[in-house]
1. Collect the residues in the range 23-40 that are farther than 22 Å from GLU103 by Cα, in contact (Cβ under 8 Å) with a residue 24 or more places away in the chain and open to solvent by 80 Å² or more (accessible area, probe 1.4 Å), keeping them in residue-number order.
2. Might you let me know whether the range 41-60 holds any residue that is assigned to a helix (DSSP H, G or I), aliphatic (A, V, I, L, M), touching a residue at least 60 places away in the same chain (Cβ under 8 Å) and surrounded by 13 or more Cβ atoms within 10 Å (Cβ to Cβ)?
3. Can you tell me which residue in the range 86-115 is least open to solvent (accessible area, probe 1.4 Å), limited to those that are within 21 Å of PRO18 (Cα to Cα), assigned to a helix (DSSP H, G or I) and not hydrophobic (A, V, I, L, M, F, W, C)?
4. Which members of the range 68-85 meet the condition of being more than 8 Å from the chain's Cα centre (by Cα), within 18 Å of GLY113 (Cβ to Cβ) and open to solvent by less than 80 Å² (accessible area, probe 1.4 Å)?
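The values are calculated or read from the model by the stated rules, or taken from the named source; none is laboratory data. Everything numeric in this text was worked out from a predicted model, so none of it was measured. All Cβ positions, even for glycine, are placed from backbone atoms using ideal geometry, and neighbour counts span all protein chains on display. Please note that ligands, DNA and RNA were not included when accessible areas were found on the heavy atoms of the full protein model with its side chains. Shrake-Rupley method; radii C 1.70, N 1.55, O 1.52, S 1.80 Å.
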Amino acid sequence: MQKIGFTESLEKVLKEDPRYDREAYLFLRDALDYTIKLRKRQKSDISRHVTGQELLEGVRRYAIEQFGPMVPTVFEAWNIHESLDVGRMVFNLIRVGIFGKTENDSMDDFRDGFDFHEAFVKPYLPTRRVLVRPAVRPGAKSHRKRAIGNA
């Protein structure tokens, strides 16, 4: 029996559940690899199965590393709006044999994993107030003095 490759399995997922972009699944696969590498660096037990919460943390960190303040824009284009969307993608990949799971894994592992605004928007908001000068309306007199020669 011939084993089906990632590309063929992903095609099956995309036909059965077209909600998420192909690039989103490729990102998710890379985020899993990133998460496993993080565990190696932290000298964690790398033979142990990656939990849903660990994967979500890896997705969050990898997304920020890859896209910075553009994460919300990229995720919006991929139709990813909450951590549960990541879980749906994971279970789509489990269903076709790309990802594995234990008997303890469930969609609940991804429910309310983290707030996307807190994770991807708030870190890039200004930390102090910025004074913005009102724009001068066309035809309105400017209160600024004109330099000689610019009359």
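1. GLU23, the sole residue that qualifies.
2. no
3. The selected residue is GLY87.
4. TRP78, ASN79, SER83, LEU84, ASP85 - these are the residues of the range 68-85 that are more than 8 Å from the chain's Cα centre (by Cα), within 18 Å of GLY113 (Cβ to Cβ) and open to solvent by less than 80 Å² (accessible area, probe 1.4 Å).
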